[in-house]
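Asks: Structure in structure tokens, see below.
The values are calculated or read from the model by the stated rules, or taken from the named source; none is laboratory data. As the structure is a computational prediction, the values presented were derived from the model and not from experiment. In this analysis, Cβ positions are derived from the backbone assuming ideal geometry, glycine residues included, and neighbour counts consider all displayed protein chains.
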Amino acid sequence: MFRRWYLRDFILLIIYIAVLYGAWVALEYAAVYWPSMRYYNRILVMMGINITLAVSLNIINGHAGQFSLGHAGFMAVGAYSAAYLSVYYFGPYVAKMPDGSAQQIVWQNLLLIVAVLAGGLMSAIAGYIVGLPSLRLRGDYLAIVTLGFGEIIRVLILNIEAIGAARGLSGIPAWSSFFWVFFFCGLTILISNRLVSSSVGRAFLAIREDQIAAESMGIDTTRYKVKAFIIGSCLAGVAGGLFAHYTPAYLNPTGFTFIRSFEVVAMVVLGGLGSISGSIVAAIILTLLPEALRPVKDYMPGGRDPRMVIYSIMLIVLMLTRPQGLFGRKELWQFLPRRKDSLPNEARDEGNADDKLDRDAAPPVT
């Protein structure tokens, strides 16, 4: 049984990598003949980064039932940690190799993976440092603490000369691409999906539904909430590392303000707290929406840009009409129609209230 499971996942991984590589080559080939494709390629890459951020935050806010507003801070830790390694160590090493050689291509991809994973590790450590003392708090108090953490990280970056301070960090090698962004995006989705199905994920869901009841059943709620924080922050750091290495490969502290955290929270809430596919769909919508509203600017007097106003109004209307989000706590496949042979055929199979009363009133079976 184990061998079948292992073989199935290995085959699916090979297929996924082959499809990603083919799509990446097609996009790069198309950009040679149609330069405008670089614009669409960048939108796709930002979409993948936003999906990674939304799914990772969904582990904290949706599955574990916490309320974090510091995701931009964890993204910043991962971005600057990965960029620091590439600027001062990995980049100069790869630059010594012959340009365009197979050796250079192999090493830059290997070192990109190392830098991104190192950024994720640093973000996980930051998540542990923040989570351990603060996750005894709940609700709005926890949100305030995580929001303060994000601002502390931003202010620290503004005062560290080694990573550019307020000037920003430039000279980062542009090694990230469509392939690597969506490879780690798929890995994040897989981790989140497998996590929910595990005993740790069930503990997260128990804490989300009723923390007091979970504690009474012997679940160490603080330990599991810290675990959720570490996993979510680690994946946010991975997204930050990929963002740092993508063109124009420049980091500035203004890109990691609390507004960025609110954007990711909006994706999770819009998709539905606890729904992985909801977070994916919401991240796609909220990435494409500002770009789709660009033509509206041409019809406004004075060239004013009303995109954010329209964007906000649409979100408000959606939250008023469907406050549970697009998918609620369900996944996309749960909305698909069931097969006819799985549908109940008799009224008794429906389990209605009258039928239940009849069964309860019947004499016991001996």
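Asks: Among 286, 326, 315, which is the only one that is modelled with pLDDT of 75 or more, surrounded by 14 or more Cβ atoms within 10 Å (Cβ to Cβ) and touching an Asp or Glu at 6+ places or on another chain (Cβ under 9 Å)?
Replies: Selected residue: 286, the only one of 286, 326, 315 that is modelled with pLDDT of 75 or more, surrounded by 14 or more Cβ atoms within 10 Å (Cβ to Cβ) and touching an Asp or Glu at 6+ places or on another chain (Cβ under 9 Å).
Asks: Here's a follow-up. Just for the stretch 86-106: of the residues that are aliphatic (A, V, I, L, M) and surrounded by 15 or more Cβ atoms within 10 Å (Cβ to Cβ), which one is nearest to residue 76 (Cα to Cα)?
Replies: 87
Asks: Return the pair list, or none, for Cβ contacts closer than 9 Å from residues in the stretch 53-64 that are over 9 Å from residue 267 (Cα atoms) and touching a residue at least 24 places away in the same chain (Cβ under 8 Å) to residues that are buried (at least 24 other Cβ atoms within 10 Å of the Cβ) and basic (Lys, Arg), at least 6 apart or on different chains.
Replies: From the stretch 53-64, the pairs are 60/225; 64/225.
Asks: Another one. What pairs can you find where one residue is in the stretch 97-117 and aromatic (Phe, Trp, Tyr), the other is surrounded by 15 or more Cβ atoms within 10 Å (Cβ to Cβ), and their Cβ atoms are less than 6 Å apart, with a gap of 6+ or different chains?
Replies: From residues that are aromatic (Phe, Trp, Tyr), the pairs are 107/94.
Asks: Which ones in the stretch 192-223 are farther than 19 Å from residue 331 by Cα, of a type in the set (S, T, N, Q) and surrounded by 11 or more Cβ atoms within 10 Å (Cβ to Cβ)?
Replies: Residues satisfying the conditions are 211, 221, 222.
Asks: When you look at residue 168, is it over 25 Å from residue 45 (Cβ atoms) and surrounded by fewer than 19 Cβ atoms within 10 Å (Cβ to Cβ), yes or no?
Replies: The answer is no for residue 168.
Asks: Is it true that residue 11 is within 26 Å of residue 328 (Cα to Cα) and either assigned to a helix (DSSP H, G or I) or among the polar types (S, T, N, Q) (or both)? Outline the logic, then answer.
Replies: Values: within 26 Å of residue 328 (Cα to Cα): no; either assigned to a helix (DSSP H, G or I) or among the polar types (S, T, N, Q) (or both): yes.
When the stated conditions are applied, residue 11 does not pass them.
Yes/no matrix, rows are residues, columns are (1) loosely packed, with under 13 Cβ neighbours inside 10 Å; (2) under 19 Å from the mean Cα position of the chain (by Cα); (3) of a type outside the set (Ser, Thr, Tyr); (4) over 18 Å from residue 242 (Cα atoms):
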| residue | (1), (2), (3), (4) |
| --- | --- |
| 108 | no, no, yes, no |
| 117 | no, yes, yes, no |
| 125 | no, yes, yes, yes |
| 131 | no, yes, yes, yes |
| 143 | no, yes, yes, yes |
| 156 | no, no, yes, yes |
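Asks: Give me a count of the residues in the stretch 20-42 that are β-branched (Val, Ile, Thr) and surrounded by fewer than 12 Cβ atoms within 10 Å (Cβ to Cβ).
Replies: The qualifying residues number 1.
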